[in-house]
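Student: Can you keep this structure in mind? I'll have questions shortly.
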Amino acid sequence: MSLTKKVLIITYYWPPAGGPGVQRWLKFIKYLPDFGVKPIVLVPDAAFYPILDANHKHELDDNLMVYRAKMKEPSRFVKALLPKQVTHLSDGGLSSKSMSLLTKLLVFIRGNFFVPDARVGLVKPAFEQVQKILNDHPDLQTIITTGPPHSLHLIGLKIKAHHKHLRWIADFRDPWTEIKYHENLRLTKKSKQKHKRLEHEVLVSADHILTSSWHTANSFKAISRNPITVLTNGFDSSDFDMPPIKDDKFSLTHVGALLPDRNPVIFWKSINRFLELRPLAKSLLEIRLVGPVDESILQTLNSLHLIAYTKLLGVVDHKSAVSHMMNSKILILIEAEQHVIPGKLFEYLHTGNAIAAVTPEDSDVRTILKNYPLSLIMTDDLNDNVNTLCHHFDSYEAGHCEPVAFDTSSYSRRYLSSQLAELL
């Protein structure tokens, strides 16, 4: 297919970055050429990524044009001081209870001296590199910035101010000021106002806004009259092209970071009570935690006598994470925010395995799961949760706990890329 449209995509997360932040645009860029769109990419040079995944580079076309902008990376300095906490400092994920005085100071500096985030130093060099890109590609008509980090939207704001003929699409993988960790940044009143002002400028200046959830889109509609489109995250079927591994455990698997403010105590208590009612499960249960796990989570598991059933698998590459999803009896999904839909949800759905979800009742996650046959919704009612787990275990014991067939085609990365191509 001839590539009739060019689009410049400005992103921070790029191979060899691992973790969820890189997935969305890595996959869009992988599939956009199938729909007549030629992506050009601008990324930071020598960025600091706490999580790496060498396999992602194999998904990229050798002919993809990638430009790089030099920047100073504050996270490298933080790593020298707090090597174990740099992953969470980048997203404000530390809770106030777990912060040392030094950590609190660094979070205050990050929140108030680097607005909107620690990558604000990328704005000037990226804008300068865009001038070169425009010279190389005079037929370029559209740019896309994706955040977080939301500093990248300031690049788009600056480009739009100097090149009004260019169409600018601002993509929000997560909300800006309404994200929960925003509350942990120890912002002064002045910094809060600056965040709000910058968010408003971006939303009213971008020609089109993309969000990954409906709640975020609705909140933005109260600010901007410009077109807003929801393009959720999704799954890539090529990530699932591996045979499942025979597993004789009653396995409950969580994939992703478990931070202090994402500790589902009610769920752990439910498992503890479930084991009392189904003692046979004690020889079969295995709680698998894939990704970084905060010490506070382990303390909770230990206090409820669940640590003996817990297997810490650490940070793995994305392909291995998908393998763990495919081979689990129940997948654990924890999301405390209404307007955030974790990208792994769509991969969970594609496995056909049961999903135990701890999420607000009116969340976008709950809306998606209400049509899923093996949705095990965890509530604030301990007895309800225990009954749900017991019922599912009884089905497992009876041999009726097989993956379900569920139509996930509208969440495939290729299909979502086709929808994006139509917008372009």
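Student: Scan region 396-413 and give yes if some residue there is modelled with pLDDT of 95 or more, under 17 Å from Val230 (Cβ atoms), surrounded by 18 or more Cβ atoms within 10 Å (Cβ to Cβ) and of a type in the set (Gly, Ala, Ser), otherwise no.
Tutor: yes
Student: Let me ask another. Would you call Lys269 assigned by TED's automatic domain parsing to the domain that holds Ala354 and in contact (Cβ under 8 Å) with a residue 60 or more places away in the chain?
Tutor: Judged against the criteria, Lys269 is a match.
Student: Going residue by residue through region 348-365, is there one that turns out to be in a helix (DSSP H, G or I), within 19 Å of Phe250 (Cα to Cα) and hydroxyl-bearing (Ser, Thr, Tyr)?
Tutor: Checking region 348-365: at least one residue is in a helix (DSSP H, G or I), within 19 Å of Phe250 (Cα to Cα) and hydroxyl-bearing (Ser, Thr, Tyr).
Student: A further question on this structure: Is at least one residue of region 335-345 touching a residue at least 24 places away in the same chain (Cβ under 8 Å), closer than 19 Å to Arg278 by Cα and either out of contact with any strand residue (DSSP E or B) (no Cβ under 7 Å at 6 or more places or on another chain) or not hydroxyl-bearing (Ser, Thr, Tyr) (or both)?
Tutor: Within region 335-345, none of the residues are touching a residue at least 24 places away in the same chain (Cβ under 8 Å), closer than 19 Å to Arg278 by Cα and either out of contact with any strand residue (DSSP E or B) (no Cβ under 7 Å at 6 or more places or on another chain) or not hydroxyl-bearing (Ser, Thr, Tyr) (or both).
Student: Looking at Asp236 and the list (1) within 22 Å of Asp380 (Cα to Cα); (2) modelled with pLDDT of 95 or more; (3) acidic (Asp, Glu), which single condition is not satisfied?
Tutor: Failing condition for Asp236: (1).
Student: Looking at Val365, Val386, can you tell me which residue is within 16 Å of the chain's Cα centre (by Cα), at pLDDT 95 or above and surrounded by 18 or more Cβ atoms within 10 Å (Cβ to Cβ)?
Tutor: That would be Val365, the only listed residue that is within 16 Å of the chain's Cα centre (by Cα), at pLDDT 95 or above and surrounded by 18 or more Cβ atoms within 10 Å (Cβ to Cβ).
Student: From Ile332, Ile341, Ile368, Ile297, grab the single residue that is out of contact with any helix residue (DSSP H, G or I) (no Cβ under 7 Å at 6 or more places or on another chain), outside the structural domain of Lys180 (by TED's automatic domain parsing) and outside any strand (DSSP E or B).
Tutor: So the residue among Ile332, Ile341, Ile368, Ile297 that is out of contact with any helix residue (DSSP H, G or I) (no Cβ under 7 Å at 6 or more places or on another chain), outside the structural domain of Lys180 (by TED's automatic domain parsing) and outside any strand (DSSP E or B) is Ile297.
Student: Inside region 368-383, can you point out the residues that are surrounded by 13 or more Cβ atoms within 10 Å (Cβ to Cβ) and either free of Cβ contacts under 8 Å to residues at least 24 places away in the same chain or under 25 Å from the mean Cα position of the chain (by Cα) (or both)?
Tutor: Ile368, Leu369, Tyr372, Leu374, Ser375, Leu376, Ile377, Met378, Thr379
Student: Related question: Just for region 12-66: of the residues that are aromatic (Phe, Trp, Tyr) and in contact (Cβ under 8 Å) with a residue 60 or more places away in the chain, which one is farthest from Gly147 (Cα to Cα)?
Tutor: Out of the qualifying residues, it is Phe35.
Student: If you take the residues of region 235-260 that are in a strand (DSSP E or B) and among the aromatic types (Phe, Trp, Tyr), which of them is nearest to Pro175 (Cα to Cα)?
Tutor: By that ranking, first place goes to Phe235.
Student: Give me the residue from region 220-234 that is of a type in the set (Val, Ile, Thr) and not in a strand (DSSP E or B) and, out of that set, farthest from the chain's Cα centre (by Cα).
Tutor: Going through the qualifying residues, I end up with Ile223.
Student: Looking at region 272-294, which of its residues are in a strand (DSSP E or B) and either in contact with a helix residue (DSSP H, G or I) (Cβ under 7 Å, 6 or more places away or on another chain) or not assigned by TED's automatic domain parsing to the domain that holds Ala336 (or both)?
Tutor: Selection gives Leu285, Glu286, Ile287, Arg288, Val290.
Student: Output the number of the condition that Leu26 fails; it satisfies all remaining conditions of (1) touching a Pro at 6+ places or on another chain (Cβ under 9 Å); (2) at pLDDT 95 or above; (3) farther than 26 Å from Lys180 by Cβ; (4) not aromatic (Phe, Trp, Tyr).
Tutor: Among (1) touching a Pro at 6+ places or on another chain (Cβ under 9 Å); (2) at pLDDT 95 or above; (3) farther than 26 Å from Lys180 by Cβ; (4) not aromatic (Phe, Trp, Tyr), Leu26 violates only (3).
Student: Right, something else. Right, Leu203: in contact with a Ser or Thr (Cβ under 8 Å, 6 or more places away or on another chain), without any contact (Cβ under 8 Å) to a residue 60 or more places away in the chain, surrounded by 18 or more Cβ atoms within 10 Å (Cβ to Cβ) and more than 25 Å from Tyr49 (Cα to Cα) or not?
Tutor: yes
Student: Still on this structure: Across region 206-227, which residue is surrounded by the fewest Cβ atoms within 10 Å (Cβ to Cβ) among those that are farther than 14 Å from Trp176 by Cβ and not acidic (Asp, Glu)?
Tutor: Once the filter is applied, the top-ranked residue is Arg225.
Student: Okay, next question. Residue check, Ser418 against (1) modelled with pLDDT of 95 or more; (2) touching a strand residue (DSSP E or B) at 6+ places or on another chain (Cβ under 8 Å), all met but one. Which one?
Tutor: Status for Ser418: all satisfied but (2).
Student: Evaluate the following for Val230: is it surrounded by fewer than 18 Cβ atoms within 10 Å (Cβ to Cβ) and in contact (Cβ under 8 Å) with a residue 12 or more places away in the chain?
Tutor: yes
The values are calculated or read from the model by the stated rules, or taken from the named source; none is laboratory data. Not measured: the values here are computed from a predicted model. Cβ coordinates were reconstructed from backbone atoms using ideal geometry, including for glycine residues, and neighbour counts include every protein chain displayed.
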